[in-house]
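All remarks here apply to the structure that follows.
The values are calculated or read from the model by the stated rules, or taken from the named source; none is laboratory data. The structure displayed is predicted, hence computed values, not measured ones. Please note: Cβ atoms are built from the backbone with ideal geometry, for glycine as well, and neighbour counts cover all protein chains shown. When the accessible area is computed, the model is the full protein with side chains, heavy atoms only, and any ligands, DNA or RNA have been set aside. Shrake-Rupley method; radii C 1.70, N 1.55, O 1.52, S 1.80 Å.
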Amino acid sequence: MATITSKQSPKKVIILGGGIAGWMTAAAFSKLLPEDQYDISLIESKQITRVGVGEATLPHLRFFNERLGIDEADFMKKTKATFKVGIEFSNWQKKGASFIHPFGEYGQPINKVDFHHAWTKQRLNGAKHSLDDYSLPVMASLHSKFNFPSSHLDSISSSYAYSYHIDAGQYAKFLEEFSEANGVDHIEGKVNQVNQGEQGHIKSLLLDNGLQINGDFFVDCSGFNGKLISQTLDVEFEDWTHWLPCNTGIALPSDHTENPVPYTKAIAQDAGWLWRIPLQHRLGNGHVFCDQFTTAEKATDDLVKSLLGKPLADPVSYKFGAGKPKKSWYKNCVAIGLASGFLEPLESTTLYLIQSSIMKLIEVFPENTNDFEELDIKAYEYNRCLDNEMLRIRDFLILHYCTTERTDTEFWRYCKNMSIPDSLTEKIELFKEFGCLDTYQHGLFRQPSWVAVYLGQGIIPKSYDPRIDLIDNDELQQKMATIKNQVGEAVQAMPAHHDLLIKYLNKSPQNRTKASASMSLYGRT
Ligand SMILES: Cc1cc2nc3c(=O)[nH]c(=O)nc-3n(C[C@H](O)[C@H](O)[C@H](O)COP(=O)(O)OP(=O)(O)OC[C@H]3O[C@@H](n4cnc5c(N)ncnc54)[C@H](O)[C@@H]3O)c2cc1C
């Protein structure tokens, strides 16, 4: 048996898995960890296919790329990316109803009170204003327009952020090349056996080709199976399928029939929902559903019927369950990506979670991997942060389902009547009664996101912040009208999404100037 022995120093960090999670981890480690202190290797088996889907992303990905020094246009060309400023939800509250969850603010605070309170007051007084009129990214989506956000923070044009729709397979390939160029050792082979020390810490991985890879610290990016965290370290799984019952996804790309729009579509079906994601060269389509309420045949049939263009491949099916291992970091192993749990892709959160996990791990990376006390302390902090992220995302996703008014199928009746976590019940009650929102500085889905889904699903607060009453009603109407006009004018001045995209990608690097907003809502992870 051939053996690769780890040196005392630098520490040997082994990443198991070459899907997006593995390559994002390898790319970030190779760029952001001191290279004289850590040797990074990535093991993957070509026998075990990557999941590969993951086309809709959140604005944070821009910062990930920026921190790695990746040129945006180069990345967009290689991943066939388009811009994205939100997600449209159709048929979720009831058939025929839709709303957009934008990457940005609604209006601007009025006398330091969040805008939705002013809107609620007008609404309770009988006005029929659409909240959409006060959101630049919503209006831009509806008109298929896009421009880079302004860096002038007092301008309405700075009130949004953007992300991308990408070909996820190409992104993994892009990061693979990036990581290898940065010195990551890429090892091919299937891990058949994991060797552990007396206290259960992982010492080495035995591959099917006879190689034994020793390591000091292991990152499990092996996908749904969780080869290290679940199969070896036996960390218990926390099951959330009661609240998020969808357990199957079918992906099927198709031809474009029109220019790509700058938003993702999530269209509710009888027992789940369809995604439609516009890339430069094709549409990504898929059907996420619960197999207890429909059959794979019907779900595939519905997906095929929904296609706008010719299918470009055979449908591919994925099985999953909502939930996560109770600890993502256990002993000397951290699980990232699908190995650390899954929440369905309704709000495009998985790549974000990978990014957030990587950045947190880098922040608390163990200095002495033989010091089990240091490992435990850092694991505690890491798991605390990741748990917070997952729980908030879980509640936010459940909100889309439990607030439905649909009773036309067994699936929607289940969602409408299911019990929900106490943490979510409290949030919904607070908003229903007073228009109040849980506030926090870090993590995903700040106040405007919750407002978008609450109001989009038809939950109108019974009251509003009383400070709004300090403003004279005419003045309030005037201020709201001004914001609406500013949004309308800004959208009118924006180029069509497709035109800007083509122009941007074809410009020489020195001519690609763009401004970027502060992104306070989409804090750098
Ligand atoms: C239907 C669906 C739609 C999705 N849509 C989105 C989306 O729009 N946006 C988003 O952000 N995310 C989305 N996701 C999630 C996204 O696809 C994943 O987060 C992403 O692909 C990362 O997967 P991964 O790298 O963790 O695992 P995988 O892609 O499964 O990679 C696992 C790797 O581990 C290797 N491996 C496993 N076992 C072994 C072994 N024993 N030995 C050696 N190698 C091994 C495999 O070879 C592979 O390289 C979606 C997921 C699904 C299922």
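Taken over segment 330-357, residues that are within 12 Å of the ligand (Cβ to nearest atom) and either free of Cβ contacts under 8 Å to residues at least 60 places away in the same chain or at positive phi (or both) amount to 5.
Taken over segment 44-80, the criterion of being crowded, with 17+ Cβ neighbours inside 10 Å, within 9 Å of the ligand (Cβ to nearest atom) and among the basic types (K, R) is satisfied by R50 alone. Out of S423, S463, I need the residue that is in contact with a helix residue (DSSP H, G or I) (Cβ under 8 Å, 6 or more places away or on another chain), farther than 18 Å from E105 by Cα and modelled with pLDDT under 95. Which one? Criteria check complete, one pass: S423. Only one of K360, K327, K319, K310 is in contact with a strand residue (DSSP E or B) (Cβ under 9 Å, 6 or more places away or on another chain), more than 9 Å from the ligand (Cβ to nearest atom), within 26 Å of T232 (Cα to Cα) and open to solvent by 10 Å² or more (accessible area, probe 1.4 Å); which? The conditions single out K327. Among the residues of segment 432-452, those that are closer than 22 Å to G86 by Cβ, of a type in the set (A, V, I, L, M, F, W, C) and in contact with an Asp or Glu (Cβ under 9 Å, 6 or more places away or on another chain) comprise L437, L444, F445, W450, V451. For the structure I just gave you, tell me whether A21 is modelled with pLDDT of 95 or more, within 12 Å of the ligand (Cβ to nearest atom) and in contact with a helix residue (DSSP H, G or I) (Cβ under 8 Å, 6 or more places away or on another chain). So A21 fits the description; yes. One residue stands out in segment 81-108 among those that are assigned to a strand (DSSP E or B) and touching an Asp or Glu at 6+ places or on another chain (Cβ under 8 Å): the one that is most open to solvent (accessible area, probe 1.4 Å), namely S98. For segment 42-60, taking the residues that are among the small types (G, A, S) and either within 21 Å of L351 (Cα to Cα) or assigned to a helix (DSSP H, G or I) (or both), the one that is modelled with the highest pLDDT is identified as A56. Return the only residue of T241, T248, T257 being polar (S, T, N, Q) and touching a helix residue (DSSP H, G or I) at 6+ places or on another chain (Cβ under 8 Å). Going through T241, T248, T257 in turn, the sole match is T248.
Report yes if some residue within segment 24-33 is assigned to a strand (DSSP E or B) and either away from the ligand (no atom under 16 Å from the Cβ) or within 24 Å of H256 (Cα to Cα) (or both); otherwise report no. No; the residues of segment 24-33 include none that is assigned to a strand (DSSP E or B) and either away from the ligand (no atom under 16 Å from the Cβ) or within 24 Å of H256 (Cα to Cα) (or both).
Residues are listed down the side, and each one gets a yes or a no for (1) modelled with pLDDT of 95 or more; (2) of a type in the set (V, I, T); (3) surrounded by 14 or more Cβ atoms within 10 Å (Cβ to Cβ):
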position: G286; (1), (2), (3): yes, no, yes
position: T295; (1), (2), (3): yes, yes, no
position: L303; (1), (2), (3): yes, no, yes
position: D314; (1), (2), (3): yes, no, no
position: A339; (1), (2), (3): yes, no, yes
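In segment 276-283 there is at least one residue matching the filter, namely being part of a loop (DSSP other than H, G, I, E, B) and either within 12 Å of the ligand (Cβ to nearest atom) or within 28 Å of C333 (Cβ to Cβ) (or both). Screening N370 on (1) touching a Phe, Trp or Tyr at 6+ places or on another chain (Cβ under 8 Å); (2) at pLDDT below 95 shows it passes everything except condition (1).
The one condition from (1) closer than 24 Å to L444 by Cα; (2) hydrophobic (A, V, I, L, M, F, W, C); (3) modelled with pLDDT under 95 that L68 does not meet is (3). Applying the criterion of being within 18 Å of the chain's Cα centre (by Cα) and not in a loop (DSSP other than H, G, I, E, B) to the residues of segment 217-247, the residue that is surrounded by the most Cβ atoms within 10 Å (Cβ to Cβ) is G223. The residue pairs whose first member lies in segment 1-21 and is within 30 Å of L351 (Cα to Cα), whose second member is surrounded by fewer than 24 Cβ atoms within 10 Å (Cβ to Cβ) and at pLDDT below 55, and whose beta carbons are closer than 8 Å, counting only pairs six or more residues apart or on different chains, are K12/S6.
Keeping to segment 397-411, report how many residues are without any contact (Cβ under 8 Å) to a residue 12 or more places away in the chain and open to solvent by less than 20 Å² (accessible area, probe 1.4 Å). Here the count works out to 0.
Could you tell me which residue of segment 6-18 is nearest to F63 (Cα to Cα), considering only residues that are touching a helix residue (DSSP H, G or I) at 6+ places or on another chain (Cβ under 9 Å) and more than 9 Å from the ligand (Cβ to nearest atom)? The residue in question is I15.
Checked against the criteria, I250 counts as in a strand (DSSP E or B) and open to solvent by less than 10 Å² (accessible area, probe 1.4 Å).
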